[in-house]
Every structure is written in structure tokens, then in C-alpha cells.
1. If you scan segment 89-111, which residues turn out to be in a helix (DSSP H, G or I) and either within 22 Å of residue 36 (Cα to Cα) or in contact (Cβ under 8 Å) with a residue 24 or more places away in the chain (or both)?
2. Quick check on my filter: what residues within segment 300-321 are surrounded by 16 or more Cβ atoms within 10 Å (Cβ to Cβ) and either in a helix (DSSP H, G or I) or at positive phi (or both)?
3. Can you name the residue in segment 146-164 that is more than 20 Å from residue 248 (Cα to Cα) and either in contact with a strand residue (DSSP E or B) (Cβ under 8 Å, 6 or more places away or on another chain) or in a helix (DSSP H, G or I) (or both) and, of all such residues, is nearest to ligand 2 (Cβ to nearest atom)?
4. Name the residue, out of 181, 167, that is in contact (Cβ under 8 Å) with a residue 40 or more places away in the chain, under 23 Å from residue 243 (Cα atoms), in a loop (DSSP other than H, G, I, E, B) and more than 20 Å from the chain's Cα centre (by Cα).
5. When only residues in segment 7-22 that are under 22 Å from the mean Cα position of the chain (by Cα) and either free of Cβ contacts under 8 Å to residues at least 40 places away in the same chain or surrounded by 15 or more Cβ atoms within 10 Å (Cβ to Cβ) (or both) count, which is farthest from residue 45 (Cα to Cα)?
6. Which of the residues belonging to segment 275-291 are out of contact with any strand residue (DSSP E or B) (no Cβ under 8 Å at 6 or more places or on another chain) and buried (at least 18 other Cβ atoms within 10 Å of the Cβ)?
7. Looking for something modelled with pLDDT of 95 or more and within 22 Å of the chain's Cα centre (by Cα) - is there at least one such residue anywhere in segment 262-275?
8. Mind listing whichever residues of segment 31-57 are in a loop (DSSP other than H, G, I, E, B), within 15 Å of ligand 1 (Cβ to nearest atom) and either over 15 Å from residue 137 (Cα atoms) or modelled with pLDDT under 95 (or both)?
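The values are calculated or read from the model by the stated rules, or taken from the named source; none is laboratory data. On a predicted model such as this, the values are computed, not experimentally measured, just so you know. As a convention, Cβ positions derive from the backbone with ideal geometry for all residues, glycine included, and neighbour counts pool all protein chains shown.
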Ligand code: AMP
Ligand code: MG
């Protein structure tokens, strides 16, 4: 399949025409990759089961891993879920459009394939002008997981999407580099206490402040336990994820010792003829780390490294915690403590 690629830089007439063309593809049941502020998404009409099935097939995504449905306003939210509550109002007023996904009971008209057979639906309003315009033009809620092949690092630049999906879908809309760089915080509002199923840039503290009440982390995210032992409620949290082609090891501990150990391991492995890449973020630069992490993985893969040595971030910081959630998965939980 020939993939049309449009780079949307400014909102001029030509850009609008390109977005309209993309919206027409969605209306007819086709797939379009598009930018959001978190990572790029691979979208289809959320109410068209064949279209959504094509997302799973294209990504090679397990069919019990549901998608996030993207909306452009509150009316669209209430078309998908009948739950209305003060908590929803407070959260959406403060954080939408933005990197917060709400898990709510789904209405009957939402096809099972969109929610991986669950009775709940994950919904978010993305904070990116191209995404919002695409949703409005198409007139449909857009189901969209990240626009990478299943298992690969999430795409945060248009070129990452091209690398994974060129030739597999009819259209890719490029719209610059993603501002946030990691996926949205997923908050389950169907449990008694609002529960974070996937950590993101919006933290437990941010959410508690706005709700004015307690928010908990899903026990499967507990950083003290090995995360794969518990079975996560966000189905997507259980699969091998974000994996670079290279072997990857996370080195965790005191910053100085981490640096020394990375240097030592780098030397030892280079002496064996291996190409070694290093990921070491500035200690307190958590947002920068979130922004850069997936792009670094892909960059090192492009450079053909055999081994990636990554310094762990302080996961007592909630954004550090969100990045570590991805970093540990990328490394298949291969950790060296120093
Ligand atoms: P992705 O779109 O690839 O970033 O993945 C979406 C994430 O949201 C995955 O971890 C899904 O398992 C999770 N998710 C989507 N729908 C639901 C739902 N109804 N209940 C719980 N988690 C969900
Ligand atoms: Mg994903």
C-alpha cells in the first residue's frame, strides 16, 4: 500500500485540506496515524468494528489490549459513556485537552473490539491541534493506540511512525515532535477509589488536588514489587513493551555509583567488541527524560548498538516513576543494583 505522508506545520488552507482528506479516510473505515501531545496515535473510527480490527492487525497488537478513544469535546464523551459525576467534571475541566485518560463504563453502541471485550472504555481528549481538528472533521470518536508496531518503543516523532508503518496504512499526518513524550496517565473511575492504571506526566498528586479526595495507584504498579508478578488491570500493562532491538540493562542506585558502573560495563563490553549505547538523564530533569526516552531508544537502535546501559531515575518523584515504568519494561526488568 502506498502511504500518503503530509507534514502539517501551520494551519493554512492546504493543511486543512490534508486533514479533511485524512478525516475522509477515517469515515470510510481506513486508518490514519496522527500526532498528539503524548505520542503519535494510529487511529480508526471507534464505532466501526472492522476499522478497529484493522488497527490490531496492522500493529500486531494482542486483541485483548483495548484502545484509548479520542474525543474532541464533552458531548462526544457522553455519547460513549453514560456516567456523569462531579469527579469527571472536575478532571475534564482542569486536564482536558491533555494527557489524562479516563476509564468509564461503556455504552452499548461501543463495539467490543474497541474495548478488548471489557465493559469499560478508556477516553481522552488530546491536546494537539491536528488531532482535535481530525476528530472534528471526521465526526467520529477515534480509537487510537500508539502508532508503533506492537512491542516497539512508542513513536514521539513523525519519522518514528514512518519507520514502523510506512506502506501499511493509507495516511500518516506528521505534526512535529510530541511535547510530552510518554503516554497519558490512565485513571480508572469505575472503581470505588479513582485508581491510576498507568502512570504518566499527570501525577497522583495532581489528580488528588483537583478531585479533592484520594487517588490510589493500581497495586500492579507498586515500585517495591516486581511488577510482572501482579496482574495489571490495564491489559496493555502486561505485554512486552517498548523494547529496543538491543539488549538493555537498567543500572539503579546512588547516582555516582551508577555512573561508575555504567562506565565499567561499557568498557568491559566494548572490549568484547560490542557496540554500547548509554542513556543517562540529568538527575532532576524528569520532564526532559519523559520527553526524550523513547526517541533515545530508537536513536540507539538506528545506530546499531548491541547493548543499552540506562541509568535509573529516582522513582520517588512521580514523573521519574512514570518514566521508570517504561524503562523497566523496555529492559524486560533486567536490573543491576549498585
Ligand atoms: P496505548 O493506546 O497503546 O497507549 O494503550 C492504551 C492503554 O490503555 C493500555 O495500557 C490499555 O490496556 C489501557 N486501556 C484501554 N482501555 C482500557 C479499559 N477499558 N480498562 C483499563 N485499561 C484500558
Ligand atoms: Mg502503546
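1. Selection gives 90, 91, 92, 93, 94, 95.
2. 300, 301, 318, 319, 320, 321
3. The residue in question is 146.
4. None of the other options fit; the residue is 167.
5. Step one: list which residues in segment 7-22 are under 22 Å from the mean Cα position of the chain (by Cα), which gives 7-8, 22.
The next check asks that each one be either free of Cβ contacts under 8 Å to residues at least 40 places away in the same chain or surrounded by 15 or more Cβ atoms within 10 Å (Cβ to Cβ) (or both); those that pass are 8, 22.
Numbers: 8: 21, 22: 12 Å.
Going through the qualifying residues, I end up with 8.
6. At the first step, the residues of segment 275-291 found to be out of contact with any strand residue (DSSP E or B) (no Cβ under 8 Å at 6 or more places or on another chain) are 282-291.
Answer for segment 275-291, where residues must be out of contact with any strand residue (DSSP E or B) (no Cβ under 8 Å at 6 or more places or on another chain) and buried (at least 18 other Cβ atoms within 10 Å of the Cβ): 286, 289, 290, 291.
7. So far as segment 262-275 goes, no, none of its residues is modelled with pLDDT of 95 or more and within 22 Å of the chain's Cα centre (by Cα).
8. 35, 36, 37, 38, 39, 40
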